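A.B. asks: One structure, as structure tokens, below. Some questions next.
A short reminder: the numbers here are calculations on the coordinates, not readings from a lab. Note that the coordinates shown come from a computational prediction; the quantities given were computed from them, not determined experimentally. Note that each Cβ is placed from the backbone with ideal geometry, even for glycine, and that neighbours are counted across all protein chains shown.
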Amino acid sequence: MALNRISKELRDLRREPPANVSSGPIQSSDMCDSPYQSGVFFLVITFSSEYPFKPPHIHFTTKIYHPNINTNGSICLDILCSNWSPALTISKILLSICSLLCDSNPDDPFVLEIARQYKHDRDGHNATARNWTKSSLTAASQSTSQSHDVSASNNKIPLTFYVFDFERYSDEVATLRDLRTFMIQRWHNSFFYALAYLFLIYTGQFFMKNKPRFELRLWLAAWNTLLALFSIFGAMRVLPELIYVIYRHGIKYSICNNSNAFGVVGFWTWAFCFSKLPELIDTVFIVLRKQPLIFLHWYHHASVLIYCWFSYQDYSSTGRWFCGLNYVVHGIMYSYYALRALKVRIPRWVSMIITMLQLTQMIVGCLINLQAWQYKKNGEVCQVTDENLKVSLIMYATYFLLFGHFFLGSYIFKSKRANQQDDKQQQEEKSQHVKKMN
């Protein structure tokens, strides 16, 4: 059915091509009066076996500066998602895309920073868009050689070694697709989840005050093992992309381009952000086992949940670094917790190294935010908002202070106090020995 429908629409498209879509010579009036006039833009249309009951996947392969089209070429167009209808044809879709180029929709943006420039600095937006459009003409003539170069570079450093079916078809699974949409549209709910979390842990502590503690050792080991495996596998999926991007495009691209929000890495970026909700269960074990609940623990869990959901809704480019670093640290940390829950004796220096890794993560997080801020200050496009950078910088700075305080109190001053107590005990033993001799 899909093949027959596609063939029919392609024949209709050749017989009656829509306005503004042509394979002939480019005319000066081929677009409305917009910064994309006279540009050459290539698109790739991918049809699933369920077409026309599900929309095709369409993305630009030509670089375009547009508030509704991100750097990966994905298009924010309602008829390609929520408002899709089997009655829509390829011709109508292309007409809608042409209309989007003529009349951008900054109120429903894919790239928030470009949308803001479109609203508040239209001349600056149009100038940048025209420069990118001129570049599209050069890119069109060089597309063959560029494709060969990209293919060769991909062979040198593969992004992923193997793509699993659940990664490849995650966009087609209704539950996952709905969860992603929910996180983007309802990210404000994270505030409610954080408040409910704080209420429940403190009422839980009150409830457990006069009750015996639960052991839950095997459950705790299983939970930490699950999170460790999730984090390790997540690190294995996102780190190759981070390394490749730095090698191929440089540090600036790795900080300011949000291409990590799509494909296999996009799935694991979403999984990372969503996982901050079930990770709140960590605190349930602390409450039920009547262990000390420090400020650092609940502040970290609540604030990370809010920030991750806030960042995911606009695909913040700095998330490439934050996600990769956190996966690595959590993979090590939860493995340590799982072994401790199983009563495996681990040297004290291991926990010190884990805390030092966390401190390093906070320092790198601050540096990434400051560098992104510098890029934006210099007038360069960086796909992260000023608000996000401010919130993230404050968050990482407070984490650094809190983890630093924890490190000093747990490993430095505590060791000094322990040594002083040992010295005092040895002095008392010596004095008692002298008394016995006398």
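A.B. asks: How large is Rg over Rh for segment 272-412, taking Rg from the Cα atoms and Rh as the Kirkwood inverse mean of 1/r across Cα pairs?
C.D. replies: 1.00
A.B. asks: What's the exposure ranking of K276, K54, going from fewest to most Cβ atoms within 10 Å?
C.D. replies: The order, fewest Cβ neighbours first, is K54, K276.
A.B. asks: Note down the Stokes-Einstein diffusion coefficient of segment 170-299 in µm²/s, whole number, using a Kirkwood radius over alpha carbon pairs, 37 °C, and 0.692 mPa s.
C.D. replies: So the translational diffusion coefficient is about 188 µm²/s.
A.B. asks: Kindly rank 189-202, 246-259 from highest to lowest mean number of other beta carbons found within 10 Å of each residue.
C.D. replies: Result, highest mean first: 246-259, 189-202.
A.B. asks: I would also like to ask the following. Taking Cα centroids, how far is segment 246-261 from segment 313-341 in Å?
C.D. replies: Between the Cα centres of segment 246-261 and segment 313-341 lies a distance of 19 Å.
A.B. asks: Rounded to whole Hz and in sequence order, give me ³J(HN,Hα) for segment 357-369 from the Karplus expression 6.51 cos²θ - 1.76 cosθ + 1.60, θ = phi - 60°, writing x for Gly and Pro.
C.D. replies: Those phi angles translate into 5, 5, 5, 4, 4, 5, 5, 4, x, 4, 5, 4, 5 Hz.
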